[in-house]
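Novice: After the structure tokens below, expect a handful of questions from me.
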Amino acid sequence: MDLLHSQLAVLQQKLSFVATDPIDWKFYVQAFSWGVTLFESYLLLRQYPLYSKTSPPEVLADHFDAKAFTKSQNYGKDKAKFSLVTGLFKQALDSAMLHYGLYAFAWDMGGRMIAYFGYGSEYEILQSLAFAIVLFVISSIPSIPLSAYQTFVLEEKHGFNKTTPTLFVTDLLKSWAIGFIIGMPFLAAFLYVFGWAGDRFVPWLMAFLLAFQIIMVIIYPTVIQPLFNKLSPLKEGELRTRTESLATKLKFPLKHLYEIDGSKRSSHSNAYFFGLPWSKHIVIFDTLIKESKPDEVEAVLAHELGHWYHMHPTKLLCVSQVHIFTILAMFPAFLHAPQFLRAFDFSEASLCPPTNHRCILAIPEAIIGIGLNFLSRQFEWEADRFACEIQERLSAPEMKDMGERLSRALITLHVKNLSTLWVDWLYSAYHHSHPTLTERLKALQAFQAKMDSAAKKEL
Ligand SMILES: [Zn+2]
């Protein structure tokens with residue numbers, strides 16, 4: 001522990017210029033965030049002409065009829081236009097908020113709010129909570145009409161929207177209420193640990209955040225998800241038998257098998273698993289069950305269990321610990337840095353708690369996001385490969401066509417979701433956490449061919 005703290009002290013020494021040098025931080029944050037937005041707009045402009053292609057990629061030519069292809073192209077075009085406009089709009093708004101010192105304004109307003117109830121600025125945690133509420137209200141209002149447009153105009157036009165206006169409003173209120181119920185105690189506890197641990201806050205806050213993540217893994221599916229969707233036990237039948245037998249063969253600790261009414265809001269579909277290491281739950285979307293045959297859904301689950309087998313969620317949790325550590329380790333340099341806080345229009349610099357530093361977080365987050373997408377795509381390849389090779393792993397010849405089944409299921413999902421078929425490589429590398437359908441089908445064919453030739457050699 002002492003080694004850690006001495007290393008952290010060295011880092012702080014290196015970063016000490018933050019406290020002393022008059023750097024125009026606001027300018028750099030503005031320049032960086034505009035840079036990101038303009039780059040994203042450029043990517044959309046690279047991608048946009050691909051929506052005018054008149055036929056699907058060769059590997060997919062047999063699976064998409066002209067009508068389905070045209071529909072997916074039109075959907076993609078509309079989504080791209082929407083993203084371009086909303087991206088620039090949100091950036092302009094964020095930029096204006098930063099320029100006019102809205103963070104400092106929200107902080108002062110938080111102070112006035114608690115003063116109204118008789119608390120002074122020595123109640124730093126209370127003021128931080130009020131600050132977070134003010135900031136949330138100001139920043140979420142402009143996004144409501146955008147989200148309503150997306151649901152009721154864009155998705156509606158292409159036949160995906162199942163949300164009613166009542167559902168839209170109750171969903172919004174519910175998610176705010178949950179955010180408030182979880183977010184406020186979380187923030188208060190975070191700030192308390194921060195204040196209590198003093199200069200040695202890094203390991204304490206990491207332990208606190210890890211505990212929070214684990215608690216969320218438990219309560220999200222059991223408490224929060226049921227507020228929005230109905231999970232019901234999967235009916236007896238071929239799919240249930242197949243799934244249970246697959247789980248048993250792989251020694252996957254399956255506790256419950258659910259069907260989720262994803263179709264209540266949207267026709268986009270999928271499957272996922274969750275739970276603690278010794279007790280897992282699998283959830284399949286009703287839309288996936290409706291659109292694919294049981295043996296194809298089984299292949300989708302084989303892919304999902306590949307994520308489990310290769311411990312992808314655990315690996316992601318470790319990566320997120322490194323991510324948190326990096327941010328926390330840099331943090332003290334910015335904490336009591338009057339120059340830095342002044343750059344964001346804060347007046348009472350010495351009193352500003354950590355919540356006020358979120359303005360600069362956008363920079364590391366954007367870079368980390370790209371790295372995470374890259375990692376996630378590697379995991380998808382690995383899970384696809386797992387599904388293909390499952391027959392070998394389980395010595396189950398009846399599963400030798402798992403790759404083909406997965407391909408069929410993926411194609412069906414893409415047709416139903418009107419997913420984009422032509423994807424610009426740079427656009428995909430930046431935005432997509434999954435490889436494109438064309439890439440996946442090619443890889444699945446290659447895995448399958450390798451398995452087949454290995455099987456022939458054995459004969
Ligand atoms: Zn996956």
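Novice: Given R₀ = 30 Å, FRET efficiency for Thr170-Ser139 by Cβ-Cβ distance, to 0.05? Provide the component values of the computation, followed by the final result.
Specialist: Numbers: r = 22 Å, r/R0 = 0.72.
The calculated FRET efficiency here is 0.90.
Novice: With Cβ to Cβ distances under 14 Å as the rule, what net charge do the other residues near Phe64 carry (K, R +1; D, E -1)?
Specialist: +2
Novice: Here's a follow-up. Long-range amide H contacts for Asn161: which residues qualify at under 5 Å (H placed 1.01 Å from N, peptide plane, sequence gap of 5 or more or a different chain)?
Specialist: Distant-sequence amide H within range of Asn161: Glu156.
Novice: Please compute the modelled spin-label separation between Phe17 and Thr54, points set 7 Å along Cα→Cβ, answer in nm with one decimal.
Specialist: Here the answer is 5.8 nm between the modelled labels.
Novice: Based on the alpha-carbon set only, what is the convex hull volume of the chain divided per residue, in Å³? Each step should come with its number before you reach the end.
Specialist: Values: hull volume 79.4 nm³, N = 459.
Hull volume normalised by residue count: 173 Å³.
Novice: Using alpha carbons only, how many angstrom separate the centre of the range 153-212 from the centre of the range 387-459?
Specialist: First find each Cα centre; the distance between them is then 35 Å.
Novice: Something else now. How much of the accessible area of the chain, in percent, comes from carbon and sulfur atoms when a 1.4 Å probe is used?
Specialist: Exposed carbon and sulfur together represent 66 percent of the surface.
Novice: Binning at 10 angstrom from zero up to the longest distance, how are the C-alpha pair distances of the range 182-302 distributed in percent?
Specialist: With 10 Å bins starting at 0, P(r) equals 12, 34, 25, 16, 11, 2.
Novice: So what are the ³J(HN,Hα) numbers for the range 78-91, from phi and the Karplus equation (6.51, -1.76, 1.60; θ = phi - 60°), rounded to whole Hz, Gly and Pro as x?
Specialist: 5, 5, 5, 4, 4, 4, 4, 5, 5, x, 5, 4, 4, 5
Novice: Quick one: accessible area per residue over the range 88-235, 1.4 Å probe, rounded to a whole number of Å²?
Specialist: Per residue, the range 88-235 has an accessible area of 57 Å².
Novice: Once you keep just the Cα pairs under 8 angstrom separated by 6 or more residues, what percentage relative contact order results for the chain?
Specialist: Numbers: 465 pairs, mean separation 104.6, N = 459.
Rounded, it is 23 percent for the chain.
Novice: Right, here's the next one. What translational diffusion coefficient, to the nearest whole µm²/s, does the range 70-187 have by Stokes-Einstein, given a Kirkwood radius computed over alpha-carbon pairs, a temperature of 20 °C and 1.002 mPa s viscosity?
Specialist: Result for D is 127 µm²/s.
Novice: Here's something else I'd like to know. Tally the DSSP beta bridges in the chain and give the antiparallel ones as a percent, rounded to 5.
Specialist: 60
Novice: Now for a separate question. Using r as the Cβ-Cβ distance of Leu426 and Lys290, and R0 as 30 Å, what FRET efficiency do you calculate, to the nearest 0.05? Numbers along the way, then the final one.
Specialist: Values: r = 36 Å, r/R0 = 1.19.
For R0 = 30 Å, the calculated efficiency reads 0.25.
Novice: Also, I was wondering about something else. Enumerate the calculated ³J(HN,Hα) couplings along the range 249-259 in order (Karplus 6.51 cos²θ - 1.76 cosθ + 1.60, θ = phi - 60°), each rounded to whole Hz, writing x wherever the residue is Gly or Pro.
Specialist: 4, 8, 6, 7, x, 6, 9, 9, 10, 10, 10
Novice: Only helical DSSP H runs with n ≥ 4 go in: add -39500 (n - 2.57) per run for the chain, normalise by residue count and round the 222 nm mean residue ellipticity to 500 deg cm²/dmol.
Specialist: When only DSSP H runs of four or more count, the value is -23000 deg cm²/dmol.
Novice: For Glu259, which sequence-distant residues (separation of 5 or more, or a different chain) have an amide H within less than 5 Å of its own amide H, given hydrogens modelled in the peptide plane?
Specialist: Residues meeting the criterion, in which the H sits 1.01 Å from N, are Ser232, Leu234, Ile284.
Novice: Also, quick follow-up: Tally Lys and Arg at +1 and Asp and Glu at -1 over the other residues with C-beta under 12 Å from the C-beta of Leu418: what net charge comes out?
Specialist: Counting the neighbours of Leu418, the net charge comes to +4.
Novice: Using the Karplus equation 6.51 cos²θ - 1.76 cosθ + 1.60 (θ = phi - 60°), what ³J(HN,Hα) coupling, rounded to whole Hz, does each residue of the range 270-282 give in order, writing x for Gly and Pro?
Specialist: Whole-Hz 3J(HN,Hα) from phi for the range 270-282: 5, 8, 7, 10, 7, x, 8, x, 9, 8, 10, 10, 10.
Novice: Between the alpha-carbon centers of the range 3-44 and the range 126-143, tell me the distance in whole angstrom.
Specialist: The two parts, judged by their Cα centres, are 24 Å apart.
Novice: Which of the aspartates and glutamates could a cross-linker span from Lys290 if the Cα-Cα distance has to be under 16 Å and same-chain partners fewer than 8 positions apart are dropped?
Specialist: Glu236, Glu238, Glu259, Asp261, Glu298
Novice: In 5 Å bins starting at zero, report the fraction of Cα pairs in the range 365-407 per bin as a rounded %.
Specialist: Once binned at 5 Å, the Cα pair distances of the range 365-407 give 6, 22, 19, 15, 11, 9, 8, 6, 3, 0.
Novice: Right, here's the next one. What three numbers, in Å, describe the spread of the alpha carbons of the range 56-123 along their principal axes, ordered from the longest?
Specialist: Projected onto its principal axes, the Cα set of the range 56-123 covers 70, 23, 17 Å.
Novice: Now, a different point. Using mean Cβ contacts within 10 Å as the protection proxy, how do 52-58, 390-396 order, highest first? Write out the running numbers ahead of the final one.
Specialist: Values: 52-58: 12.3, 390-396: 15.0.
Highest-to-lowest ranking by the protection proxy: 390-396, 52-58.
Novice: Starting from the Cα gyration tensor of the range 1-47, multiply each eigenvalue by 5, take the square root, and state the resulting semi-axes largest first in whole Å.
Specialist: Equivalent ellipsoid semi-axes, largest first: 36, 17, 5 Å.
Novice: Each label point is 7 Å from the Cα along the Cα-to-Cβ direction; what then is the distance between the points at Asn270 and Lys67, in nm?
Specialist: 2.9
The values are calculated or read from the model by the stated rules, or taken from the named source; none is laboratory data. All of these numbers come straight from a predicted model, not from anything done at the bench. When we count neighbours, we look across all protein chains shown, and the Cβ atoms used for this are built from the backbone with ideal geometry, even at glycine. These area figures cover heavy atoms from the full protein model, side chains too; ligands, DNA and RNA do not enter into them. Shrake-Rupley method; radii C 1.70, N 1.55, O 1.52, S 1.80 Å.
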